[in-house]
1. In terms of the Cα gyration tensor, with a ≥ b ≥ c the square roots of its eigenvalues, is the stretch A:1-160 rounded because a/c is under 1.5, prolate because a/b exceeds b/c, or oblate?
2. Please work out the FRET efficiency for the pair A:ASN88 and A:ALA164, using the Cβ-Cβ distance as r and a Förster radius of 35 Å; give the result to the nearest 0.05.
3. Residues of the stretch A:185-227 losing 40 Å² or more of accessible area relative to the isolated chain, 1.4 Å probe, heavy atoms only?
4. On a 1.4 Å probe surface of the protein chains, which of A:THR176, A:THR263 comes out largest in accessible area, and what is the full order?
5. What is the magnitude of the charge dipole of the protein assembly as shown about its Cα centre, with +1 placed on the Cβ of each Lys and Arg, -1 on the Cβ of each Asp and Glu, and no other charges, expressed in debye to the nearest 20?
6. Just the accessible area per residue of chain B, please: how many Å² with a 1.4 Å probe?
7. Taking a point 7 Å out from Cα toward Cβ as the label site, list the nm distances between A:HIS343 and the same residue in every other copy, smallest first.
8. Output the Cα-based Rg and Dmax of the stretch A:192-249 in Å, rounding Rg to one decimal and Dmax to a whole number.
Protein chains: 2
Amino acid sequence: MIPDAHGGRLVDRVLGDAERHRREAELGDLPALTPGTDQLYDLEKIGIGAYSPLEGFMDSATLSSVVDTGRLPTGLPWSLPIHLPVANRDDRVVVDALRPGDDVALIDPSRTLRGILHVEEKFRFDPKKVARSAFGTLDAKHPNVPELLSSGDLAIAGPVDAVAPRPTRRGPAELTPRASRELFRSRGWSNVAAYQCRNPPHTAHEYLQRLTLEREDVDALFIHPVVGRLKVGDYRPEVILRAYEALVRTYCAVDRVVLSPLTISMRYAGPKAALFLAIVRKNYGCSRYIVGRDQAGVGSFYDPYACHRIFDEFDVGILPLRYEEAFYCRECRSTATSKTCPHPASARVDTSQTRIRKALQEGGEIPAELLRPEVAAILREPDVLLKEGEQ
Amino acid sequence: MIPDAHGGRLVDRVLGDAERHRREAELGDLPALTPGTDQLYDLEKIGIGAYSPLEGFMDSATLSSVVDTGRLPTGLPWSLPIHLPVANRDDRVVVDALRPGDDVALIDPSRTLRGILHVEEKFRFDPKKVARSAFGTLDAKHPNVPELLSSGDLAIAGPVDAVAPRPTRRGPAELTPRASRELFRSRGWSNVAAYQCRNPPHTAHEYLQRLTLEREDVDALFIHPVVGRLKVGDYRPEVILRAYEALVRTYCAVDRVVLSPLTISMRYAGPKAALFLAIVRKNYGCSRYIVGRDQAGVGSFYDPYACHRIFDEFDVGILPLRYEEAFYCRECRSTATSKTCPHPASARVDTSQTRIRKALQEGGEIPAELLRPEVAAILREPDVLLKEGEQ
C-alpha cells in the first residue's frame, strides 16, 4: 500500500501563482532574510511536503524535542533538526526588528523570492548540543559540523510558504511527493522501494537494487539520489544522474524503475540520517526503504550497522530492507555479501570508492564486475568531481 | 518464529523400542498388509509428524473433504490425498477379514515391520475423482496418474504407529521434524526458509537460494530435496544429494545452510503439490517457503504460476517466497529473472534441464554460469539417472 505521509497528511505549502506574484510585487516592502543553500533546499522540501508533517522551520520546543528524544513534540519519530539559523550579520539586524506574527521574505543570493516565513518565534539554541545530537560529534573534520557550529545560536521559526521549485537541471525531472505518488498510483504500484544514494552506481549497489526488485513484496524501485549540496570531492550531481541514467537504460527492468533527483543537502549523520532519509521517502510514497552498510556515514564516525539498528528503535512506518555490504567474489563468480559468500576476504575484489575513483582518474582498468562499462565511461570524463567553492 | 506444526501440534506416532519389539515378536499372529513404496514413505512421515496433523491414513470423510474442498474436515488446508489403497489381491483378502478396532501390521517386501494400522474404516472411493482433484488430469502420461488409477478403489483407514526410520542412505542424515526444529532452535534461528527440489542444483536454483539468504527476515536455508521414489529419467537420489553437498561445501555460507533429504514419493501435482510440500516444511519448522516457477509441475500439465497463486487461496501458515523463472543473461552478466533483466530472450543462455542433461551426457561444454564445475563433475559420472524398474 502506498503509505500515508509521515504524520498522516502530505503537507502542501507551495505558494499559488497569484499569491506568489503578489508577494514578488511587494518584495521591496517586506523584510527579507537570505538563508544558506541548505536551508533554501529545506524550505522547498517543506513546501512540497517532502518533510511532512513539518509546516515550517522548527521552533525551540520542537528542536529541543528532536535533539533530546528523536521525536517531534507529538511523539512522532523525527531524527534531525530542520531549523533556520540566522547566520549572517545583515540577517541578524533584520531579525532584531521582527515580531511574532510578522511575515518575512526568504530570498536567495540573486534576491529571488523563495518563500515566506510567518514568524512565530525567535530563539537561542546550543549549536554544540544540536551537533552532538545530530552528528554525534563536534569534530571539525565531520563535513556538517563546522557549518552548524559557525552559523550562530540564533534561529527563527514558523510556518513557511514556499515558491514552487523550478526545474533547473538537465536530466530526469525532480518529482514532488505528489507527483511520485501519482506516478506510483497510475502504474498500479502499491509497494515501491526507495534507494538512497549519493554516488554513481557500482555493481555492488546494483546488486542491492536487484535483490530488492526480485522480492515479491516490491512492485518497483525509486532510485532517489541526493544531489543537493554535497561535499568537495563528491561526484557532481549531473554526473551521478547521468551515470544512473546509463545504468537504468542498459541494465534495469526500466518499466519498474523510476529515477529522480532529490535536491537536499546531504547530512552525514549515519543512523539519524538514515532514519530521516527513510521518512522523506515515505513522504514520496515509498513503503520500502533500502538500507545498506554505513548509510549516510562518513569516515569512521558511525558504527556501520547502527543505520540498521535505529529502525528497531523507531518505527517510522516504512519497512527497512536491510542489506549487508556487497562485494564481488571471484570464487562465487558473482556479487554477494557475507550472508551468502563463504570465501575468504582475499577472494573479494576491492570495491572501495576511493580505489575505483583513483583507477578511473588514472585511466586504469576497471573490471566490468565492479563497474558497468557504460557507467565507467561517464566517470572517466574530465572534471566530474566537485571542487572547493563549487558546492 | 519457528512455526507450530500444521494444526498446532507436532504428531508423534513412532513406536517406542519396547512396543516395536513386542509387535515384531507377534508379527506371525497379526494380519499384515504390504503397502507400496509410496505408502511406506507416507507411513513413516505420519509417524514422525511430517504430515501433522494427520495421525493415520485418511478415512472416507477426510478423503472426500480434501478432494472436494482442499481442506481437512476441521477446515485446515490440506491439498493432497494421503490414503492407503489396498492394491494387491492378497491384501484384499486380508482386508476382507478386518473389522474396525482390529490392528494390522504394515510390512515391506522383506516382511519387515514398518508400522501398525488401527483399523477404523474400510471404504470404496472413486480413483478418477481423486486423480482429477489431485492432479487435474486422467492422462496416462502423467507420472502419478496411472498408478493411482490402477491401485483399485478400496482403501483402509485409521491411525498408525510407525517404526522409526532407520538411516539407509549415505550422505547427509534425514532429519525428523523434531530434529530439524531442535537444530534450528539450538542455532537461534527463528526464520528458516525451505527450498524444495528434486534435481541437482543449477546456478538458476542457487540464485533463488542466494536471494533468500540475503533477506533480513531469513536466518537460514533448509535445502530439502525430495529423494523418495522419483520417476524414470530423474537423477538418482544419491546423485542429487552429492551434487548439493558439493554446492553447499563450495559456494554456500555453510553455517546458514542445512541439507537433508526428504524421502517421500514426488507428487507432480503442480500447485496442490506446492501447497502440500509447504505444509510439510512448516512441520519441519520452516517459516518461509521458496516457490519458483512451475514447482512440482511436469510437462505442460500446470500453469507455471498456479503454484504461486494457490498460496493466496489457502493460508497454510508459512510465508511463500515466490520467485519467477531465473536464467543467466549475457547482457546482465548475471543470473536474473524478468523482474530484473530488461534484455531480449536472445541474450539468455538456455538453461533447460533437458539441454544441460544432454550436454552432460555427451561430454559437451557447460558454462560455469549455468552449472558449477563441482556439480557438473558429479553429473558427468556414468549411470546417474534412474532406469526403468529402479524406482
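1. Values: a/c = 1.81, a/b = 1.17, b/c = 1.54.
It comes out oblate by the Cα gyration axes.
2. Working: r = 26 Å, r/R0 = 0.75.
Rounded to the nearest 0.05, the efficiency is 0.85.
3. Those residues are A:ARG210, A:LEU211, A:GLU214, A:ARG215, A:GLU216.
4. Working: A:THR176 45, A:THR263 10 Å².
I get A:THR176, A:THR263, largest accessible area first.
5. Values: 104 positive and 108 negative charges, 201 e Å.
Here the size comes out at about 960 debye.
6. Numbers: 15710 Å² over 391 residues.
Per residue, chain B has 40 Å² of solvent-accessible surface.
7. Inter-copy label distances (nm, one decimal, shortest first): 2.1.
8. 12.1, 39
The values are calculated or read from the model by the stated rules, or taken from the named source; none is laboratory data. Everything numeric in this text was worked out from a predicted model, so none of it was measured. Using ideal geometry, Cβ is built from the backbone for each residue, glycine included, and neighbour counts are taken over all protein chains shown. The area values use the complete protein model at the heavy-atom level, side chains included, leaving out ligands, DNA and RNA. Shrake-Rupley method; radii C 1.70, N 1.55, O 1.52, S 1.80 Å.
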